[in-house]
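A.B. asks: Below: one structure in structure tokens.
The values are calculated or read from the model by the stated rules, or taken from the named source; none is laboratory data. Small disclaimer: the values here were computed from a predicted structure and weren't measured. Counting neighbours? That spans all protein chains shown, and the Cβs are built from the backbone with ideal geometry, glycine included.
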Amino acid sequence: MTRCAVLGTGSWGTAFAMILADAGCEVTLWGRRQELVDAIATTRVNPDYLPDLKLPASVGATTDAAAALAGADFAVLAVPSQTLRQNLAAWTPLLDPRTVLVSLMKGIELGTAKRMSEVIGEVAGVGPERVAVVSGPNLAPEIANRQPAATVVACADESVAQRLQAACHTPYFRPYTNTDVIGCELGGAVKNVIGLAVGMADGMGLGDNTKATLMTRGLAEITRLGVVLGADPLTFAGLAGMGDLVATCSSPLSRNHTFGTNLGRGMSLAEAIAATRQTAEGVKSCESVLDLAWRNGVDMPIVEAVVEVVHNGRPTQQALTRLMARSAKSERR
């Protein structure tokens, strides 16, 4: 039986633990809060994030990372992206030499502008054949209800991607393999920022034309950055690109969309943070995405506008006016 450790007890980590268990894996959830772990272990319910989901009996829970990682075929990393480096430094000595590290995180590290797989490789000292990513239109509450969904499992080593595919393939969850780790990660990270922008438009009372424009031109920005960094442009037309973007920008279940909506309604950054219980990755990652774009000479005006609103206090209407006032150009640029 495939053994999996899921490190992180948030919504997506918990839902992915369910998927792995439903696919026939033995799963251990690791969490840092003893009271939450105890609740999961005794009731098989995560009361803080998915209180309506009863986890399968093959899912255990612990605060002991060594116990969770012992003999794991896959170590699934499901912590906020900006905490990965610190957490992984503590977990690396506990890893089995054959364990594959799987990233569920969708962010770019602040300060280094590194993708999560790059941070994993650097901190854990593992090669690309031991790093995989999962990315797609995967809103945790829908998956917790076992509604049909698909995703991409990506690794530079296709045989590893196929192993992970088998470990998380269920009647309701359909994983596709890909070797384009760069494209899958960028699609997942940057769509959060575009989701903030579309949420702002919703909060301002703007219509579908505006939102469709932001989504389409947002996809163009993601693709431009991805191509410069070596991604396959076709990745952005798939589940990890357009698929994830549509879900994030369209659903009230999306944390980033909801956060942007609150900003568009006039909330301050502090008020929007107070109104959001869970991490909206785009709030911090918008700065690191823009940093990555600048380092590579890529123009990303929507991302820049989001940074101006979220971190520099620019009113949303003023940011929109500046976007619309940009010089006219070809759609292919």
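A.B. asks: Just checking, does segment 251-268 include any residue being over 23 Å from Gly207 (Cα atoms), modelled with pLDDT under 95 and surrounded by fewer than 24 Cβ atoms within 10 Å (Cβ to Cβ)?
C.D. replies: Step one: filter segment 251-268 for residues over 23 Å from Gly207 (Cα atoms), giving none.
Within segment 251-268, none of the residues are over 23 Å from Gly207 (Cα atoms), modelled with pLDDT under 95 and surrounded by fewer than 24 Cβ atoms within 10 Å (Cβ to Cβ).
A.B. asks: Give segment 167-205 a look and list any residue that's within 20 Å of Ala78 (Cβ to Cβ), in a helix (DSSP H, G or I) and out of contact with any Cys (no Cβ under 7 Å at 6 or more places or on another chain), or say none.
C.D. replies: Listed by number, the residues that qualify are Cys184, Glu185, Leu186, Gly187, Gly188, Ala189, Val190, Lys191, Asn192.
A.B. asks: Tally time: how many residues in segment 269-282 are among the hydrophobic types (A, V, I, L, M, F, W, C) and surrounded by 13 or more Cβ atoms within 10 Å (Cβ to Cβ)? So that I can check it myself, show each step before the final result.
C.D. replies: In the first step, residues of segment 269-282 are kept if they are among the hydrophobic types (A, V, I, L, M, F, W, C); the result is 269-270, 272-275, 280.
Restricting the remaining residues to those that are surrounded by 13 or more Cβ atoms within 10 Å (Cβ to Cβ) gives 269, 272-273, 280.
Count: 4.
A.B. asks: A further question on this structure: How about segment 223-281: which of its residues are in contact (Cβ under 8 Å) with a residue 12 or more places away in the chain, in a loop (DSSP other than H, G, I, E, B), charged (D, E, K, R) and over 25 Å from Arg295 (Cβ atoms)?
C.D. replies: Residue satisfying the conditions is Arg265 alone.
A.B. asks: Next question, about the same structure. Scan segment 290-329 residue by residue and report those that are crowded, with 21+ Cβ neighbours inside 10 Å, modelled with pLDDT under 95 and part of a loop (DSSP other than H, G, I, E, B).
C.D. replies: Of everything in segment 290-329, nothing turns out to be crowded, with 21+ Cβ neighbours inside 10 Å, modelled with pLDDT under 95 and part of a loop (DSSP other than H, G, I, E, B).
A.B. asks: Starting from segment 81-102, take each residue that is β-branched (Val, Ile, Thr) and list its partners that are surrounded by fewer than 20 Cβ atoms within 10 Å (Cβ to Cβ) and in a loop (DSSP other than H, G, I, E, B), counting only C-beta distances under 8 angstrom and pairs at least six apart or across chains.
C.D. replies: Thr92/Gly125; Thr99/Asp73; Val100/Asp73
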